Structure formats: C-alpha cells, structure tokens
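Reading through the structure tokens given below for one structure.
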Amino acid sequence: MSGQPTGGTVIQDRRPADAVAGHWVGRIAPRSWRPYLRLARIDRPVGWWLLVLPCWWSAALAAIAADQAFPDPWHCLLFLIGAVAMRGAGSTYNDIADRDLDAQVERTRLRPLPSGQVRPRHAALFLVAQALVGLAVLLQFNEQAILVGLCSLLPVAIYPFMKRVMPLPQGVLGLAFAWGALMGWAAVFARLDAAALLLYAGAWFWVVGYDTIYAVQDIEDDEMAGIRSSARLFGRHVRGAVGLCYALAALLVALAAWRAGAGPVGFLGVAAFAGHLAWQVLSLRERDGRGALTLFRSNRDAGLMLFVGLTADALVRNLS
C-alpha cells in the first residue's frame, strides 16, 4: 500500500527525479531528516522562490506608490520565511492528498510518501509544524494583511483535488501562488488598491503559464493515470497557450506598475521580465520533459528581473 514503509523501521534515502542534483539535503543533512526536507521541497528551492517573488513585487510596487526608497526589508524577510514554510506546508498537504496518484507517475513515485519513506500520520504532524511557522510570520503584519493572508488558505486547501475534477487545475494553483501580489501592498497600506489587484491578475497568468510548462514533464503518465492538467488540455497548442498566458501576465504587470506610478527604470524591469517569458515560449518543445523543467526553473530569474527593476525604480525616484 502506498505511503507505508516496507518493514516500518528503515527510512530509505531516495531522491525524486526532479530534485536538484547535488543539493545539500542529499549530501550533508542527517539521513533521518532527508525525507522530511524533501517532503517540504527544500531540495527544490524554485518553489519557494516562485511563491515569494510576487510578495516582493508587491512590496516594491508599494514602495514606489508610498515614495519610499526601497521595499521594507523586514517585510521582505518575513515574506521569505513565510514562503519557505508555507510552500513546505502546501507541498506536504498536496503529497498527503496525492500519495496514491504520485505512485503512478514516474517523476513523483520516489517522493517520501508514495515510496514509503514517511508515514502519512508523521507527514500530517510535519504539516502542522510548518503551518504554525507560517502563522507566526503572518501575525507580524497588520490586521488587514493578516486577513488577506488567511484567505489564501481556501485555494491551497482545494488545489490537490482539482486535478481530479477540472481540466485546468493550474488555475486554482495560480490563485494560491499569486497571492503574495496582494500581501506586500496590504502590509504597507492596510488595503488593496487597483495596482495590487492588477499585479495579482498578472501573477495568476504567470503561474498558469509556468505550471503548464512544468506539467509538460508528466503528460504521458498523467494520461495513463487519468490526472488532468493544462498541458494535457492544450495538447499540441501548449506553446501558444503558454504564450498567451505570459503576454497577459506582462501586460497586467505593466498596468500595475503604471497605476503605482513607476517610472522608466521600473518599466525596464517589466520589459526584462516580458523578454524572458518570450524566450521561454520560443524554447518550449512539446513533450520535452527535461527542457520543460529547465524552463520552469528559469522563472526564478524572470521574477528577480522584475523585482530588481521595480526596486531600482523606487530608489532612483527617491534620490531624484
């Protein structure tokens, strides 16, 4: 039975196929910790990067609108800690819900739960511990930001089950992973304005686009297991669909920057972000799983380009 270790006493050190090769989790972490660190996706850091970047974008936009020289460093640090904790909690929750499906997919069958390295009840306790860290981080913000953050739990809770019932589960994932685009603004202004909402919409299309690329890795296994994904939905038109998502993402982010009062430097960051997304679309190949993983991971760099551009704009505007 999946999720139960054979023998029950030995934790095997088995690395999932999409984990970063040579990561410190597999080299220097205590062997008994490794399955839990992998359950939290510590050996796949791109996930928490993609979760924290919309938070940082939002903080940078808020700095521009508030005429501050740079995003609040304390907020950015809290967002980073919260992103690592909540990405780990979300991944653990997803793996508990998906352990039987994961056992049927080549890329995921060596994850700690389907491979029997961690028992479900131990994973549930680990989930609670990570969620408590995330809650402690959230409680450092103002009441409005806390409320906004708590609302993100709904898409997180329902996402693992959407791949069973809807053809575009990435749409629900986007609601969760883009949520940070609201948080940075709410943390500064204690409200949500048009700039934050536009940024959230742009981040949503970005998430749907990059997770469609990610899903290209699993098309064949997903077809056999009956798992739904945007990559399966778009089929031969996957490049065009990702291109449309990315174009809308860049447009909405540009509108958000405009509403926040960004200047030329900020729009250079938007242009660099859009250019990177265009490169991804041109490089995408149908059913090229290895190439898709590389393109997916490169979204960290795309997001950092935008953050640096918006942050530099806030600094330049403050100095002039």
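Just so you know, all these numbers are worked out from the coordinates, no wet-lab data involved. Note that this is a predicted model, so its numbers are computed, not measured. Here Cβ is always computed from backbone atoms with ideal geometry, including for glycine, and neighbour counts include all displayed protein chains.
Relative to the longest principal axis of the Cα atoms of the chain, the long axis of helix 153-165 lies at roughly 50 degrees. Rounded to the nearest 10 degrees, the angle from helix 73-102 to the longest Cα principal axis of the chain is 30 degrees. A simple charge model with +1 on the Cβ of Lys and Arg, -1 on the Cβ of Asp and Glu and nothing else charged puts the dipole of the chain at about 680 debye relative to its Cα centre. Taking other C-beta atoms within 10 angstrom as a stand-in for reagent exposure, Leu53, Leu150 fall in the order Leu150, Leu53, fewest first.
When each of Trp56, Trp49, Trp24 is scored by the number of other beta-carbon atoms lying within 10 Å, the sequence from fewest to most is Trp24, Trp49, Trp56.
Each other residue within a Cβ distance under 12 Å of Leu50 adds +1 if Lys or Arg and -1 if Asp or Glu, for a net charge of +3.
Going by average Cβ density within 10 Å per residue, which order do the peptides 192-203, 68-79, 25-36 take, highest to lowest?
The peptides rank, most packed first, as 192-203, 68-79, 25-36.
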